[in-house]
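Student: Sending over a structure as structure tokens; questions will come in a sec.
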Amino acid sequence: MSELTFVTRPVMPEKPRPIVMIGAGGIVNDSHLPAYAKAGFPVAGIFDVNPEKAERTARAFKISRVYASLDEAVSSAPQDAVFDIAVPAFAILDILPHLPDGAGALIQKPMGENQKTARAILDMCHSKNLKAGINFQLRYAPFVLAARSLIEQGAIGELHDMEVRVTAYTPWHLWTFLETVPFAEILYHSIHYIDLVRSFLGDPKGIYAKSVKHPKAKRIDGTSSDYALDYGDFKRSVITTNHHHEYGPKHMESYVKWEGDQGAIFGLMGVMLNYPVGVPDQLEYCLLREGKQPEWISVPLPGNWFPDAFMGTMAALQRFVEGSSDHMDTSVEDAYRTMSLVEAACQSSQSGGVPLAPQVD
């Protein structure tokens with residue numbers, strides 16, 4: 001095999017467009033805006049339904065304009081601006097009608113809180129001819145980009161196994177709006193991993209899933225989940241999330257693992273360990289070589305899932321809008337397929353397992 005190359009950064013637009021930020025919540029302050037500053041993407045202005053939050057964020061990131069209303073944000077936007085809609089899923093459909101027809105828009109995941117709403121969002125984007133994508137940014141984490149480049153070079157052979165495991169402590173109390181969301185963990189967390197698996201293995205035949213509550217988070221409808229995606233008899237894909245491991249870092253886990261018939265790749269997702277501070281992401285790979293013992297090799301990474309991956313989704317949108325790319329991996333059309341799989345996971349969790357046959361004494 002020829003010398004391997006590692007892609008760890010997204011392809012950037014030829015000429016970055018100004019961004020109009022709609023939303024000033026935690027994810028905007030912790031990830032969107034730090035990523036855009038790192039990428040050199042200009043932010044023209046910001047709006048939030050809470051003006052004080054918008055003002056604080058604008059001061060922190062030296063954004064020159066705070067809009068008093070959504071309509072002002074749209075009417076005052078530079079002609080070549082794109083819109084970053086970073087709001088809870090229930091608010092997306094209220095915002096899209098205000099955008100100019102034909103505009104570029106990056107919409108925070110999930111694409112609505114169920115498949116019916118996702119369909120309405122898709123139809124709205126089509127009716128307004130929006131160039132729209134969903135912010136499934138895990139696809140653009142540096143460790144994921146590196147893993148994908150290894151797989152595309154054939155380094156690990158045929159990919160036949162993909163596993164995601166999270167055993168960590170997640171402070172669910174930070175997101176009070178999730179207390180009213182059915183299947184909160186599936187829709188607002190595991191959706192990342194479901195989408196990631198799809199991006200590598202395609203659409204499965206189906207999914208088996210179970211999401212459960214926890215005694216210390218009873219007000220949230222499901223905070224830990226298990227999934228098995230059905231890719232037939234020769235591919236395995238499982239996702240396991242336990243968000244209530246509050247017993248210190250020793251046995252915490254947070255990783256994605258890819259296995260092929262000629263090698264394997266291990267990616268550490270550091271953000272889930274000691275959330276939200278996290279630890280650095282890592283990537284290692286191991287290739288089978290005749291006559292040699294397996295050896296794991298580390299790949300240097302330029303950054304972490306949070307915030308660096310947020311450069312990738314915005315760059316992909318801007319490249320599609322400017323025409324330097326003819327497709328967008330995280331388009332609303334592709335995201336709708338992820339939402340279909342998420343809906344199936346929710347249905348599977350509700351339907352339960354196969355009942356045991358009557359026992360014989």
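Student: Go through Ala344, Ala357, Ala335 for me and flag whichever is free of Cβ contacts under 8 Å to residues at least 24 places away in the same chain and among the aliphatic types (A, V, I, L, M).
Tutor: After ruling out the rest, the residue left standing is Ala357.
Yes/no per residue for (1) of a type in the set (Val, Ile, Thr); (2) farther than 25 Å from Ala105 by Cα; (3) in contact with a strand residue (DSSP E or B) (Cβ under 7 Å, 6 or more places away or on another chain):
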position	(1), (2), (3)
Ala264	no, yes, yes
Val271	yes, yes, no
Glu284	no, yes, yes
Leu288	no, yes, yes
Cys346	no, yes, no
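Student: Considering only residues that are of a type in the set (Val, Ile, Thr) and surrounded by 16 or more Cβ atoms within 10 Å (Cβ to Cβ), look in region 261-286 and name the one that is farthest from His244 (Cα to Cα).
Tutor: Ile265
Student: Would you check if Ala217 is without any contact (Cβ under 8 Å) to a residue 24 or more places away in the chain, over 19 Å from Asn114 (Cα atoms) and hydrophobic (A, V, I, L, M, F, W, C)? Even if it seems obvious, please write down each step before you answer.
Tutor: Numbers: without any contact (Cβ under 8 Å) to a residue 24 or more places away in the chain: no; over 19 Å from Asn114 (Cα atoms): yes; hydrophobic (A, V, I, L, M, F, W, C): yes.
Against the criterion (without any contact (Cβ under 8 Å) to a residue 24 or more places away in the chain, over 19 Å from Asn114 (Cα atoms) and hydrophobic (A, V, I, L, M, F, W, C)), Ala217 does not qualify.
Student: For region 116-156, which positions are touching a Cys at 6+ places or on another chain (Cβ under 9 Å) and surrounded by fewer than 24 Cβ atoms within 10 Å (Cβ to Cβ)?
Tutor: Step one: filter region 116-156 for residues touching a Cys at 6+ places or on another chain (Cβ under 9 Å), giving 131-132, 156.
The answer is Lys131, Ile156.
Student: Separate question: List every residue pair whose Cβ atoms sit under 7 Å apart, with the two residues 6 or more apart in sequence or on different chains, where the first one lies in region 237-252 and is under 15 Å from Asp195 (Cα atoms) and the second, anywhere, is aromatic (Phe, Trp, Tyr).
Tutor: Within 7 Å, the pairs are Ser237/Tyr231; Val238/Tyr227; Ile239/Tyr193; Ile239/Tyr227.
Student: Give region 289-306 a look and list any residue that's in contact with an Asp or Glu (Cβ under 9 Å, 6 or more places away or on another chain) and either exposed (fewer than 10 other Cβ atoms within 10 Å of the Cβ) or small (Gly, Ala, Ser) (or both), or say none.
Tutor: To start, the set of residues in region 289-306 that are in contact with an Asp or Glu (Cβ under 9 Å, 6 or more places away or on another chain) comprises 289, 296-299, 301-306.
Matches in region 289-306: Ser298, Gly303.
Student: While we're looking at this one, here's another question. Which one of these does Thr313 not meet: (1) assigned by TED's automatic domain parsing to the domain that holds Pro34; (2) surrounded by fewer than 20 Cβ atoms within 10 Å (Cβ to Cβ); (3) not hydrophobic (A, V, I, L, M, F, W, C)?
Tutor: The one condition Thr313 does not meet is (2).
Student: Tell me, which residue of region 189-212 that is surrounded by fewer than 16 Cβ atoms within 10 Å (Cβ to Cβ) and either of a type in the set (Asp, Glu) or in contact with a strand residue (DSSP E or B) (Cβ under 9 Å, 6 or more places away or on another chain) (or both) is farthest from Phe177 (Cα to Cα)?
Tutor: At the first step, the residues of region 189-212 found to be surrounded by fewer than 16 Cβ atoms within 10 Å (Cβ to Cβ) are 202-203, 205-206, 212.
Checking which are either of a type in the set (Asp, Glu) or in contact with a strand residue (DSSP E or B) (Cβ under 9 Å, 6 or more places away or on another chain) (or both) leaves us with 203, 205-206, 212.
Working: Asp203: 30, Lys205: 33, Gly206: 30, Val212: 18 Å.
The residue in question is Lys205.
Student: Restricting to region 1-26, and then to whatever is of a type outside the set (Asp, Glu) and out of contact with any helix residue (DSSP H, G or I) (no Cβ under 9 Å at 6 or more places or on another chain), can you tell me which residue is farthest from Ile297 (Cα to Cα)? Steps first, answer last, please.
Tutor: First, the residues of region 1-26 that are of a type outside the set (Asp, Glu): 1-2, 4-13, 15-26.
With the extra rule that they be out of contact with any helix residue (DSSP H, G or I) (no Cβ under 9 Å at 6 or more places or on another chain), the set shrinks to 1-2, 18.
Values: Met1: 16, Ser2: 17, Pro18: 40 Å.
Going through the qualifying residues, I end up with Pro18.
Student: What's the total number of residues in region 122-141 that are touching a helix residue (DSSP H, G or I) at 6+ places or on another chain (Cβ under 6 Å) and assigned to a helix (DSSP H, G or I)? Reasoning before the result, please.
Tutor: Restricting attention to region 122-141, the residues satisfying the condition of being touching a helix residue (DSSP H, G or I) at 6+ places or on another chain (Cβ under 6 Å) are 122, 124-125, 131-141.
This time we only want the ones that are assigned to a helix (DSSP H, G or I), so: 122, 124-125, 137-140.
Result for region 122-141: 7.
The values are calculated or read from the model by the stated rules, or taken from the named source; none is laboratory data. Just so you know, these numbers come straight off a predicted model, no measurement behind them. Reconstructed Cβ throughout: ideal geometry from the backbone, glycine too, with neighbour counts over all protein chains shown.
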